[in-house]
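Taking it in order: structure first as structure tokens, then the write-up.
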Amino acid sequence: MKAGASTRILRFPEGFFPTEGFSRQLDPLCARVLVLENGARYALLVLELTSIPPEEIDALNAVLAAATGAAHCFVLAAHTFSAPHFMPDEKLTTDAEREKKRQLQALVAGAVREAAQEAVQQLCEVYPSVGAQECLVNSARDVETPAGWWIGCCGEGPVDHTMTVIDLRRADSTHAAVLVHYPVQSSVLDGSQLREGGKPVSGDLAGLMAAELEAELGCPVLFLIGAAGDQAPRQKAVGFTCDAQGALTPTDMQDDAVPLCRTLAREMVQAARAALRGATPMRSSDIAFAQRTVTVPAKEIERDLHRLHPTRIPPYVPCGESEQSVTLLAIGDVRLIGVKPELCCVTARQIGAGDPLVRVVTLWNGGAKYMADAASCDRITYESQNSPFMKGAAELLAACAREMLE
């Protein structure tokens, strides 16, 4: 197996901020590219953005393919909520907004191209190992209020505390690249307002963790977000109180949340270090790829998220079917199952069936909102409300993934 990797900072031009309410950048956002080769060539991009729309996925895959010569390219979002978005053209009402979108597209494409080209130059024989460690940064985010279930921290429900690392080392034992898989949303600072006004720009948990590990290990560190649809940081800047009618009153730690975010990110670093220390060589150094499509039941989705609230009345309206892709990328002994929807912990367990070398990665080559498991649909959690999929969709997708693994 050969591998090469590179990191590039997304350098926003002077005057780009404020935009979308973001006013000040706390730490850099990065693009990281990993190129793998074993017969065929594969390119994996992780962008420290919240999400990436289909047209941008296509454009970035084209950049990756041209820069690396890879037969298969994959674009993933690290899913920090403290980053500007590729806004839809129909929502851009001024020339200034349209210009900022062009600037964002240009700086991302440029960073990806440079990282991809350097990753190819870094290609060399590597020896993969895998390790795992418990990390207590995440928690179940579904909490029950008098009016129904809502988003919180340390709620009821299953939690997957497992952090998995894939360590790709050269013959001289130096690190060529490290992949860190963990099911948590990088959302400590999500929606928080600085005291000076405006929202902070930050890689949040995943970005801070990756940057610190990169400085320590001397290689790119790519974060793979697991089935984190219902997995939140155990503490967040923005919380809420809820009355009996379901009215939500937000609270905000503001600037006090910044050191909190750094503390939790440092815990992730410590877990990754422990996982790397305990990593064992993989038996296989092969790379394998497969992809299938599964048809799942769809439903109408509320486009105005401000209208969502805790409720006991199921708001589900069936709306035909949806085609969803399921990707299997095996890196040595580890089998990654990549999907666009944000899955919940239960669904990942159904897919993995207790195999610690099967890891579910969401926001893989795009996003498709939440795909809640049957129990979450019955409880009417936020994940089930803010979803274009009906009850049963997650179970069908899990069954498809299991067939691929078997």
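The values are calculated or read from the model by the stated rules, or taken from the named source; none is laboratory data. As the structure is a computational prediction, the values presented were derived from the model and not from experiment. Glycine also receives a Cβ, built like all others from the backbone with ideal geometry; neighbour counts cover every protein chain displayed.
Quick notes
- Residues within the range 339-364 that are in a strand (DSSP E or B) and either among the charged types (D, E, K, R) or without any contact (Cβ under 8 Å) to a residue 24 or more places away in the chain (or both), tallied: 2
- Within the range 365-406, restricting attention to residues that are of a type in the set (Asp, Glu) and either touching a Lys or Arg at 6+ places or on another chain (Cβ under 7 Å) or in a helix (DSSP H, G or I) (or both), the residue that is farthest from THR50 (Cα to Cα) is GLU403.
- Take the conditions (1) modelled with pLDDT of 95 or more; (2) within 20 Å of the chain's Cα centre (by Cα); (3) of a type outside the set (Phe, Trp, Tyr); THR174 misses just one of them, which is (2).
- Restricting the range 218-268 to residues that are aliphatic (A, V, I, L, M) and over 22 Å from the mean Cα position of the chain (by Cα), the residue that is surrounded by the most Cβ atoms within 10 Å (Cβ to Cβ) is MET253.
- Counting the residues of the range 146-186 that are in contact with a His (Cβ under 8 Å, 6 or more places away or on another chain) and within 14 Å of GLN133 (Cα to Cα) gives 5.
- When we screen THR311, THR362, THR327 for residues that are buried (at least 19 other Cβ atoms within 10 Å of the Cβ), closer than 29 Å to GLU156 by Cβ and either modelled with pLDDT of 95 or more or in contact with a strand residue (DSSP E or B) (Cβ under 7 Å, 6 or more places away or on another chain) (or both), the only hit is THR362.
- Residue satisfying condition, being within 30 Å of ARG169 (Cα to Cα), aliphatic (A, V, I, L, M), in the same structural domain as ALA215 (by TED's automatic domain parsing) and touching a residue at least 60 places away in the same chain (Cβ under 8 Å), within set LEU336, LEU276: LEU276
- The residues of the range 72-96 that are without any contact (Cβ under 8 Å) to a residue 40 or more places away in the chain and surrounded by 13 or more Cβ atoms within 10 Å (Cβ to Cβ), listed by number, are CYS73, PHE86, LEU92.
- Near pairs, Cβ below 7 angstrom, 6+ apart or cross-chain, from the range 289-312 (over 30 Å from GLU37 (Cα atoms)) to any residue that is polar (S, T, N, Q) and part of a strand (DSSP E or B): VAL296/SER322; VAL296/GLN324; ALA298/SER322; PRO310/THR145
- Scanning the range 183-192 turns up no residue that is β-branched (Val, Ile, Thr), in contact with a Gly (Cβ under 9 Å, 6 or more places away or on another chain), surrounded by fewer than 22 Cβ atoms within 10 Å (Cβ to Cβ) and under 25 Å from GLY367 (Cβ atoms).
- Being under 20 Å from ILE225 (Cβ atoms) and not assigned by TED's automatic domain parsing to the domain that holds LEU224 is a condition met by no residue of the range 12-24.
- Being of a type in the set (D, E, K, R) and either more than 22 Å from PHE223 (Cα to Cα) or modelled with pLDDT under 95 (or both) holds for only one residue in ARG292, ARG273, ARG262, ARG277, and it is ARG292.
- Answer residue from the range 44-58, given it is in a loop (DSSP other than H, G, I, E, B) and not polar (S, T, N, Q) and is nearest to ALA206 (Cα to Cα) among those: GLU48
- Residues in the range 170-182 that are surrounded by 20 or more Cβ atoms within 10 Å (Cβ to Cβ) and either polar (S, T, N, Q) or closer than 17 Å to LEU123 by Cβ (or both): HIS175, ALA176, ALA177, VAL178, LEU179.
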